[in-house]
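One structure is given here, and the rest of the page talks about it.
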Protein chains: 2
Amino acid sequence: MTNVMGADSPRAIWAASVTLLIAIAAGTSFSVGAQPQVTATAGDGTHWLMPQPAQMKPGPGRIPISTTTTVGVSGFSDDRLRAGVDRMMRRLEGRTGYTMTRGFTDPATATIVIECQGPGAAVPSVNEDESYGLTVSGAQVRVQAPTVVGALRGLETMLQVVSGDVEGFYFPGVQIQDRPRFKWRGLLIDAGRHFEPVAVIKRELDGMAAVKLNVLHFHLSEDQGFRVESLKYPKLQQMGSDGDYYRQTDLREIVEYAGQRGIRVVPEFDMPGHVTSWVVGYPELASAPGPYAIARGFGVFDPAFDPTRETTYKFIDTFVGEMAKIFPDPYWHIGGDENNGKQWAANAKIQAFMKDKGIADAHGLQTYFNQRLLVILKKHGKQMMGWDEIFQPGLPKETVVHSWRGQKSLFDAAKQGYDGVLSAGYYIDLMNPAAQHYAVDPLPANSGLTEAEAAHILGGEATMWGEWVSPDTIDSRIWPRTAAIAERFWSPRDVTDVDDMYRRLERVSIQLEELGLTHERNSEMLLRRLAGARDISALQVLADVVEPVKGYTRGSQQRWTTLGPLTHLVDAVSTDSAGARQVRQLIDGLLSDAPRFAAGREHLRATFTEWRDNRHALDVLIARAPALKEAAPLSADLADLGALGLDALAALALNATPLDAWRDERVAVLDRAARPKAALEFPFVPMLRELVFGAMAQAEMKTMSVADWRARVRALANPPRRGGRSGDARFGDARFGDVPVFHRPVR
Amino acid sequence: MTNVMGADSPRAIWAASVTLLIAIAAGTSFSVGAQPQVTATAGDGTHWLMPQPAQMKPGPGRIPISTTTTVGVSGFSDDRLRAGVDRMMRRLEGRTGYTMTRGFTDPATATIVIECQGPGAAVPSVNEDESYGLTVSGAQVRVQAPTVVGALRGLETMLQVVSGDVEGFYFPGVQIQDRPRFKWRGLLIDAGRHFEPVAVIKRELDGMAAVKLNVLHFHLSEDQGFRVESLKYPKLQQMGSDGDYYRQTDLREIVEYAGQRGIRVVPEFDMPGHVTSWVVGYPELASAPGPYAIARGFGVFDPAFDPTRETTYKFIDTFVGEMAKIFPDPYWHIGGDENNGKQWAANAKIQAFMKDKGIADAHGLQTYFNQRLLVILKKHGKQMMGWDEIFQPGLPKETVVHSWRGQKSLFDAAKQGYDGVLSAGYYIDLMNPAAQHYAVDPLPANSGLTEAEAAHILGGEATMWGEWVSPDTIDSRIWPRTAAIAERFWSPRDVTDVDDMYRRLERVSIQLEELGLTHERNSEMLLRRLAGARDISALQVLADVVEPVKGYTRGSQQRWTTLGPLTHLVDAVSTDSAGARQVRQLIDGLLSDAPRFAAGREHLRATFTEWRDNRHALDVLIARAPALKEAAPLSADLADLGALGLDALAALALNATPLDAWRDERVAVLDRAARPKAALEFPFVPMLRELVFGAMAQAEMKTMSVADWRARVRALANPPRRGGRSGDARFGDARFGDVPVFHRPVR
């Protein structure tokens, strides 16, 4: 790189070094995101609750937490409540390090009192009253709730309220009245594409309970695997699962575990498409003769049930009857998505059937299938739910429409009287940052729905599709982002401050690991394994500021099947890089209000210097660790971006506009760095581009207001392009409006 | 602290800063233990095998590993072998990131060929032939073994042989002929004091298999908990376990899982002492009327079975009969330790019984009990094993003596024809570094045993007693140290190079996490939880150089019961601090050969500076996180020790002997820092003392050889004291000779 601005001169190096020395002297770390927290402690009323309660009022005083902290239960109590209180107290012990008295003491004198009015529904219900009140006042903490589930929700809030300072741990004075905005707050876990052991499901359930989610949507069959033990049709798991399936005892244990935490389990057995794993053992169910093998790739596959044969419905009837005994929830998800219709089109008998019945097309045939399915489900006491492809004329009104394609279908369905659940916008497998999901509201103010229509919007579900997750990585794909989504489903509509969400998310993320979740710790574990060494500091500099490519592009970057190891660098890094976010914020701050941003400039300079100087150490690591070979171009990119950042800072500091050639060279670096490598990307490249163009536009700074100049720089860096998009398309773009996206990666 | 030597002068700070800048420019990290590896890569013949094979010869060439790497099985194969090969290939995929072909290909053309001669014993046997050969030569990797277990051992070695460089992953040319030195290589897991879920036991078994251990000694009952489901006597688990016990299906699953990996499971049901949890439900078994409650503290408790009542033996007979069906191994551990005899002494009926039978004392009564027990065990096909208290006159010859008190009892027993297993020296719960355990040999060259007598030494067992471990921390207490112990049990006697052991241990430790073990990753997780923050860099500086107090002193530092949370700082840090070890080595190197140690001096200076300057950031963290409050004095100590180290370095560099007052002040700092806080200690304090005395003795440096001067400094720093001990008592002391230690902490 040509040295136009002299940023690599000894003097510039000296300046950068001084920055580092200052940082050393202050005891701070150089790594981005590792600055001492500047947010206030809880003492001043700042809280870390997530989801944020409906109503909250700080009160006076505090109640210290110590080894003599006790808990009592007044009013109704049952085994579920007692077990929940006990779990909470064990977590409080783990967090504080104190050993407290086991069991319950007299509620009149206990530190914490649970006042519960009744058990609530015997089977967790979509209509459960989950409200609660939490009061920390005087000498007692009171959790009041009409149901056990409400009390459990209140206990989670109580644990989040716990604060600490030099005087110790305490409950700060507060009055909370809380209840959920939506009654359906779910997480879909796809155990079909990659199996997730029972222990994984249990820890996800604990995480869900901690952020007040109440539905585990359990996606149990897929082209890539049939994950349930059927005693009626044992070839389903024997031939369709590679041995990775839940025994019926496992499923009962999961349902019980979820119920203990006030979480419903809604099973999904996707049909008539996505059924390859079924027809390996039972090819007679398919619309083409077979034989079939378990799918190993990803995408939409041809196999579909034959909706024209009575034996298909008999099979389903028997199977649903068997499973209905295991899953007590009244809802039953039939999938119903992405049937490509190829097998139906190619089958003369099916075509004749359609003609005979006057069915016009595949949509019509699927509606016929669904109507038959509905009768079976009703017989077994189940209410049908399916992906929004099933929203076709003739769909029975009691069906719940689950929208993955956008809000429009949901609102259209609501207008026609269908209940609906939103997942479009909550596809956490797409690797987008929490902020993007957080911005999506199941029922925005401008939905155009009447109050009666709006009541049909039951809530939403985050969807953890399983193409790219293993038991070691699924936690980091679900958490902590899903906590932000949980807040969207629970908290009032106007809770939308992104910075505040991230502030609270950081702490919630650490607390979630108390539950056995591994989303933070497994990152370093995977990095150490990749490097084959304990010292991964150079690798961490890179890993801290990259993110997985978004959407379904990983499949085009890495050839993959369900059998491939998910131990690559992309599997180790966060979907939501705090380091990258901070760099973006610092540059934006610098360009928006340079004089006030002196501290940010020093921080940026230290960060850029670290990037620039990281290359040698990282390359040495890579040379010894072939599993990191794919990171080599990223190491070069990061060093180039560091040098570029220093150049641009120096240019701004010198108040001299660089030459056009300087800009062009740097734009070339940025363009190169913007291309994903190893299925990873630098999320701050567009902002660095603005920094470069800011340096170019210095002369204009005096001619306009800071805000105008900021806008001018943004426009310079992002000229209109084909398609008209500009700016960092990863934020606030239209992806999650009603623009169709692939439900899952196309093969 | 008075500034005698001017080490805090601007010039000194500048010098230290330059060191840091150099380190920055080189892309290295400042944290101790985080230097780039200076050891050679595998290409030059250096290997990372642990345990080291009996015979190993590097050969020419290499076989690259790629997506086309295949495996074939020739000769004998069964489900166990095929499953083992499949597990190995999945691990190879995980490590390389490659997706390889599943299943087996033609062994004539496969990259890896397994040549197995037969199945070996149907139930894993103490006499199993575990030998194997591993040859990487030409185009094929060959694993040859007489038994499936031998092949599994060879596959583990093959995975450890895998190397990598810029050209990629490969098997380096090598010829290995290997077999274990001892046939009994065990790990005791005490699930009595703290329950460990099935998933924990399974991952420990995987770790054991990776380092070729072959016995899980499963300690299943204790005063603090009865951990097995009995259908015959259900009150055992119902009243004695707090609900934390293994169902019989769990136990069968564990035994099966172990057997798949060639690991025997030897159950221990400790009696006649350590039986409090039994007598909660069945007080009639005890020698005093009761009632009893599960023990919550630690130590030796009074309850003991009543050996005078026939109903006791009927109970044991029925119970052993039930358990014998679950544990197929012919060995059965009866415990037999630490019966304090108080209940027997206080029971008039028992005293009368003894008089009647001519039994002189409690030892005699216990021998009587053991003889009765032996008959019961024989009836159920079991061979008796017990702790070395049972080695009393009259002990049946077929009993295996398990020595926890020292090698003497083992050798004495061997001379009398008893088989023996050594655990004295392998008490990993004592928190000693790996080097200390590594130095203990079950059969040292000077044992004084004849060849025939020596054959009675079956091997050894590391013992993970459960007072201070939870499912979150047990891995870091077992691993990686137990890998070094496993090497002691497997490898030739002359494999004793401690530095080389640590070099290999670092890599093995990372590889062990591939198996789901959490010993590395949970440390950071616990630190983040303690801090309640993601940025734990200041805390890490401290955590990296402290170790838990050794022996049973934690109990005297922290009041504790089985119900207390194991989430303190002491639970998060390694038992074997690499950072502390490095500082010790650097100081020792500096004092031993100062001129050659210029690099070490710079490194030390950077480390000391980091310690000195860490205090503010750490104190800020502590002020916000009450769970870290106990670390505050350690933060102060570390800063003082850093300043002290810089002072001493400066004194040496200036070649001027400090005043006696300077020394006295520093000795006071060292004495203060040497006192444990928060159950933690700085393991390098004695070596820092030598640095201070080295600075004092500079004038003498010219009057003698470097070696003599080094010895002189050591002597100055460690004057003879009461008891005659000198030096760093933590290494090479007599603790693990025949000096009695408490088997477990005294209450």
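Does segment B:358-386 hold any residues that are buried (at least 16 other Cβ atoms within 10 Å of the Cβ) and of a type in the set (Val, Ile, Thr), and which are they?
Of everything in segment B:358-386, those that are buried (at least 16 other Cβ atoms within 10 Å of the Cβ) and of a type in the set (Val, Ile, Thr) turn out to be B:359, B:367, B:376.
Looking at (1) of a type in the set (A, V, I, L, M, F, W, C); (2) more than 29 Å from residue A:630 (Cα to Cα); (3) crowded, with 18+ Cβ neighbours inside 10 Å, which one does residue B:83 not meet, given that it meets all the others?
(3) is the only condition that residue B:83 fails.
Which members of segment A:442-459 meet the condition of being without any contact (Cβ under 8 Å) to a residue 60 or more places away in the chain and β-branched (Val, Ile, Thr)?
A:450 - this is the single residue of segment A:442-459 that is without any contact (Cβ under 8 Å) to a residue 60 or more places away in the chain and β-branched (Val, Ile, Thr).
Criterion first (more than 30 Å from residue B:504 (Cβ to Cβ) and within 9 Å of chain B (Cβ to nearest Cβ)) does residue A:516 satisfy it?
Spelling it out, residue A:516 is indeed more than 30 Å from residue B:504 (Cβ to Cβ) and within 9 Å of chain B (Cβ to nearest Cβ).
Kindly list the number of the only condition in (1) away from chain B (no Cβ under 14 Å); (2) modelled with pLDDT of 95 or more that fails for residue A:124.
(2) is the only condition that residue A:124 fails.
Could you tell me how many of the residues in segment B:443-499 are under 22 Å from residue B:411 (Cα atoms), among the hydrophobic types (A, V, I, L, M, F, W, C) and part of a strand (DSSP E or B)?
Qualifying residue count for the region: 3.
Out of A:75, A:94, A:61, report the one residue that is more than 13 Å from every other protein chain (Cβ to nearest Cβ) and in contact (Cβ under 8 Å) with a residue 60 or more places away in the chain. Steps first, answer last, please.
Details: A:75 fails: in contact (Cβ under 8 Å) with a residue 60 or more places away in the chain; A:94 fails: more than 13 Å from every other protein chain (Cβ to nearest Cβ).
Only one candidate passes the filter, namely A:61.
Given the residues B:19, B:39, B:28, which is the only one that is at pLDDT below 95, within 14 Å of chain A (Cβ to nearest Cβ) and not in a loop (DSSP other than H, G, I, E, B)?
Result of the check over B:19, B:39, B:28: B:19.
When you check residue B:109 against the structure, is it surrounded by fewer than 21 Cβ atoms within 10 Å (Cβ to Cβ) and within 30 Å of residue A:571 (Cβ to Cβ), yes or no?
Values: surrounded by fewer than 21 Cβ atoms within 10 Å (Cβ to Cβ): yes; within 30 Å of residue A:571 (Cβ to Cβ): no.
Against the criterion (surrounded by fewer than 21 Cβ atoms within 10 Å (Cβ to Cβ) and within 30 Å of residue A:571 (Cβ to Cβ)), residue B:109 does not qualify.
Give the number of residues within segment A:587-636 that are outside any helix (DSSP H, G or I) and under 30 Å from the mean Cα position of the chain (by Cα).
Quick first cut of segment A:587-636, residues outside any helix (DSSP H, G or I) only: A:593, A:614, A:625.
If we keep only those that are under 30 Å from the mean Cα position of the chain (by Cα) too, we end up with none.
Residues that pass the stated criteria total 0.
Only one residue in B:728, B:733 is closer than 30 Å to residue B:219 by Cβ and modelled with pLDDT under 90, so which one is that?
B:733
Residue-wise test of (1) small (Gly, Ala, Ser); (2) part of a helix (DSSP H, G or I).
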site: B:295; (1), (2): yes, no
site: B:318; (1), (2): no, yes
site: B:328; (1), (2): no, no
site: B:349; (1), (2): no, yes
site: B:352; (1), (2): yes, yes
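Consider residue A:507 carefully, then state whether it is over 18 Å from the mean Cα position of the chain (by Cα), outside any loop (DSSP other than H, G, I, E, B) and within 8 Å of another protein chain (Cβ to nearest Cβ).
No: the conditions fail for residue A:507.
Condition check: touching a residue at least 60 places away in the same chain (Cβ under 8 Å), assigned to a loop (DSSP other than H, G, I, E, B) and within 24 Å of residue B:254 (Cα to Cα). Does residue B:303 satisfy that?
no
For residues that are away from every other protein chain (no Cβ under 14 Å) and not hydrophobic (A, V, I, L, M, F, W, C), tally how many sit in segment B:601-655.
8
When segment B:274-293 is examined, which residues are found to be assigned to a helix (DSSP H, G or I) and touching a helix residue (DSSP H, G or I) at 6+ places or on another chain (Cβ under 9 Å)?
Scanning segment B:274-293 gives B:276, B:277, B:278, B:279, B:280, B:281, B:284, B:285.
Is at least one residue of segment B:609-632 buried (at least 23 other Cβ atoms within 10 Å of the Cβ), out of contact with any strand residue (DSSP E or B) (no Cβ under 7 Å at 6 or more places or on another chain), in contact (Cβ under 8 Å) with a residue 60 or more places away in the chain and among the aromatic types (Phe, Trp, Tyr)?
Within segment B:609-632, one or more residues are buried (at least 23 other Cβ atoms within 10 Å of the Cβ), out of contact with any strand residue (DSSP E or B) (no Cβ under 7 Å at 6 or more places or on another chain), in contact (Cβ under 8 Å) with a residue 60 or more places away in the chain and among the aromatic types (Phe, Trp, Tyr).
Among the strands (runs of 3 or more DSSP E) confined wholly to segment B:377-432, which include 3 or more residues that are touching a residue at least 40 places away in the same chain (Cβ under 8 Å) and touching a strand residue (DSSP E or B) at 6+ places or on another chain (Cβ under 7 Å)?
Answer list for segment B:377-432: B:383-387.
Take residue A:119 and decide whether it is in contact (Cβ under 8 Å) with a residue 60 or more places away in the chain, farther than 21 Å from residue A:56 by Cβ and not in a helix (DSSP H, G or I).
So residue A:119 does not fit the description; no.
Looking at (1) touching a residue at least 12 places away in the same chain (Cβ under 8 Å); (2) touching an Asp or Glu at 6+ places or on another chain (Cβ under 8 Å); (3) of a type in the set (Asp, Glu); (4) at the interface with chain A (Cβ under 9 Å from one of its Cβ atoms), which is the one condition that is false for residue B:547?
Evaluating residue B:547 over (1) touching a residue at least 12 places away in the same chain (Cβ under 8 Å); (2) touching an Asp or Glu at 6+ places or on another chain (Cβ under 8 Å); (3) of a type in the set (Asp, Glu); (4) at the interface with chain A (Cβ under 9 Å from one of its Cβ atoms) leaves (4) as the failure.
Name every residue in segment B:42-64 that is out of contact with any helix residue (DSSP H, G or I) (no Cβ under 6 Å at 6 or more places or on another chain), part of a loop (DSSP other than H, G, I, E, B) and at pLDDT below 95, in order of residue number.
Passing the criteria: B:45, B:46, B:47.
Hey, does segment B:144-163 have a residue that's assigned to a strand (DSSP E or B), crowded, with 18+ Cβ neighbours inside 10 Å and touching a residue at least 40 places away in the same chain (Cβ under 8 Å)?
yes
Filter segment A:550-578 for residues that are polar (S, T, N, Q) and under 15 Å from the mean Cα position of the chain (by Cα); which is farthest from the other protein chains (Cβ to nearest Cβ)? Lay out the reasoning, then the answer.
In the first step, residues of segment A:550-578 are kept if they are polar (S, T, N, Q); the result is A:553, A:556-558, A:561-562, A:567, A:574-575, A:577.
Checking the rest, the ones that are also under 15 Å from the mean Cα position of the chain (by Cα) come to A:574-575, A:577.
On the way: A:574: 11, A:575: 15, A:577: 12 Å.
This residue is A:575.
So, residue A:482, is that one among the polar types (S, T, N, Q), away from chain B (no Cβ under 14 Å) and in contact (Cβ under 8 Å) with a residue 24 or more places away in the chain or not?
Taking the combined requirement at face value, the residue satisfies it.
The values are calculated or read from the model by the stated rules, or taken from the named source; none is laboratory data. Worth saying up front: this structure is predicted, and the values here are computed from it rather than measured. Note that we place each Cβ from the backbone using ideal geometry, even for glycine, and neighbour counts take in every protein chain shown.
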